[in-house]
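Report on the following structure.
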Amino acid sequence: MNKPQSLPLWQQLQATQSCLQMVSQGTSTSQVLIELSPEMRGGVQSLLFLTLRRLGTARALLKKLANKAPKEPAHSLLCVSLALASAPDHPMYTEFTLVSQAVEAAKRDVLMQAQAPFINACLRRFFRERETLLSEVAQQPEAFWNYPKWWINKVREQYPKDWETILRVGNLAPPLTLRVNLSRISREDLSAQWAERGLKFTPQGAQGLVLEQPIPVREIPGFEAGLCTVQDAGAQLAAQILVNALRSRGKDIGSEPQANETLVTFNNRFKVLDACAAPGGKTTHLLEFEGLEVTALDVDEARCEKVRESCERLGVKAQVVCADAADLNAWWSKEQFDAVLLDAPCTASGIVRRHPDIRWLRRESDVAQLGHLQNRLLDKSWEVLAKGGYLLYCTCSIFKQEGELQIQSFLTRNTDARICAQPGHLQPTASGKGTLVTDNDLNDHDGFFYSLLQKI
């Protein structure tokens with residue numbers, strides 16, 4: 001990880017502490033980071049994400065170092081500092097730098113000034129007893145794996161062979177994967193542009209390019225012009241599976257196209273509903289295939305605007321409607337759709353490496369609550385689907401209550417449904433990092449669930 005260099009470390013520690021405190025109170029990282037100034041955001045995000053990936057360790061260490069937990073904001077500052085200090089790989093900062101800058105951060109905050117000597121003592125003791133303390137807290141599952149206990153138990157129960165790998169992958173930094181907009185440029189031509197600019201990358205799946213070193217998206221050749229967009233390789237499967245279904249129309253359906261496949265042009269026009277569309281990655285992907293008319297729904301107007309912005313940048317057009325997909329009276333004209341993509345709200349347990357706050361924000365009860373919502377959305381989406389049409393249900397979750405078990409329940413309620421393709425739960429993978437789980441042909445992607453149903 002590169003060191004954040006734009007501002008003094010004490011100032012970045014203060015900002016990271018403030019962000020962590022807000023996350024601990026239930027606010028997502030995306031919400032807290034957007035409030036920061038542009039010059040501060042990159043460095044603080046780097047520190048915050050590292051802290052969240054090591055928060056279980058940091059909390060356990062703090063309990064060892066302090067008989068009584070310090071009050072906020074000192075508690076969060078110490079968690080940030082201990083997360084940085086205990087990182088197993090190359091330390092970002094020397095012991096002296098980290099201690100002195102953490103103390104400086106406390107001294108410059110009126111709420112922490114009195115706690116500066118205590119913070120100094122805790123951190124110095126940690127470095128004196130580092131190996132012993134780390135060995136002791138490693139006996140605690142939450143400190144060792146850096147997930148809540150309920151999360152660890154659920155993954156271990158549902159993936160008895162791969163649970164350790166899945167948890168490790170979730171603690172890695174994700175790749176920057178982009179989808180080439182094949183309606184505007186071939187992957188070969190965009191690759192040539194990238195190579196001319198000195199970028200190093202590898203092709204992935206049917207339309208993906210993975211940058212070896214992430215850079216700001218605005219600096220990626222072709223991004224502003226709509227030649228590509230950020231989308232994980234696992235997420236790119238959604239449009240590909242649904243398009244394969246419409247193309248096959250009753251034939252055997254594969255789970256994904258071949259890597260050398262070009263965009264399909266349909267002779268007939270198909271009406272497709274993207275039932276939970278924001279931020280628009282899957283909507284725009286569908287619209288790259290000529291012959292698809294897409295209605296994109298989302299319950300939040302601000303998120304609908306993101307869909308419109310994505311469509312405009314990529315040069316495609318959808319009918320974007322702000323409505324609850326389950327409230328048919330609010331938006332449905334009674335004209336049935338040839339296909340429905342239901343990317344249902346979920347725990348997002350499969351994208352935890354991109355959003356490391358998720359593990360600490362979620363509660364075990366959320367799985368069941370979101371399951372009820374998914375159940376309702378599935379039933380309502382089935383109502384708007386024409387006979388012979390296809391419904392692709394997907395979630396960015398590895399929990400089986402939100403995938404495999406949800407589909408089993410749906411099939412018991414709907415005898416007019418059959419499974420056409422069942423990629424199932426795609427476990428998060430990370431190639432080249434010693435943690436590869438082989439459950440499909442893609443070599444680095446987030447965790448997803450896919451099931452393709454046909455109405456018969």
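The values are calculated or read from the model by the stated rules, or taken from the named source; none is laboratory data. This structure is a prediction, so every number in the text was calculated from the model and none was measured. Because the Cβ atoms are built from the backbone with ideal geometry, glycine has one as well, and the counts that use them run over all protein chains shown.
Brief remarks follow.
- None of ALA87, ALA83, ALA121, ALA105 is assigned to a helix (DSSP H, G or I), surrounded by fewer than 18 Cβ atoms within 10 Å (Cβ to Cβ) and not assigned by TED's automatic domain parsing to the domain that holds PRO356 except ALA121.
- Looking only at region 294-325, and only at residues there that are outside any helix (DSSP H, G or I) and polar (S, T, N, Q), the one that is nearest to the chain's Cα centre (by Cα): THR295
- Checked against (1) surrounded by 16 or more Cβ atoms within 10 Å (Cβ to Cβ); (2) farther than 30 Å from GLY388 by Cα, VAL217 passes all but condition (1).
- ALA326 being touching a helix residue (DSSP H, G or I) at 6+ places or on another chain (Cβ under 8 Å) and either modelled with pLDDT of 95 or more or over 26 Å from LEU178 (Cα atoms) (or both): yes
- The residues of region 184-197 that are of a type in the set (Gly, Ala, Ser) and over 28 Å from the mean Cα position of the chain (by Cα) amount to a single one, ALA192.
- Hits in region 71-85 (condition: more than 17 Å from ASN120 (Cβ to Cβ) and under 26 Å from the mean Cα position of the chain (by Cα)): ALA83
- For region 164-173, taking the residues that are in contact with a helix residue (DSSP H, G or I) (Cβ under 8 Å, 6 or more places away or on another chain) and part of a loop (DSSP other than H, G, I, E, B), the one that is nearest to GLN45 (Cα to Cα) is identified as ALA173.
- Condition check for ALA275: under 16 Å from ALA344 (Cα atoms), in contact with a His (Cβ under 6 Å, 6 or more places away or on another chain) and either at pLDDT 95 or above or not small (Gly, Ala, Ser) (or both): no
- With respect to being within 15 Å of PHE223 (Cα to Cα), buried (at least 16 other Cβ atoms within 10 Å of the Cβ) and at pLDDT 95 or above, ASN181 fits the description.
- Given (1) surrounded by fewer than 19 Cβ atoms within 10 Å (Cβ to Cβ); (2) of a type in the set (Lys, Arg); (3) modelled with pLDDT of 95 or more, number of the condition ARG41 does not satisfy: (3)
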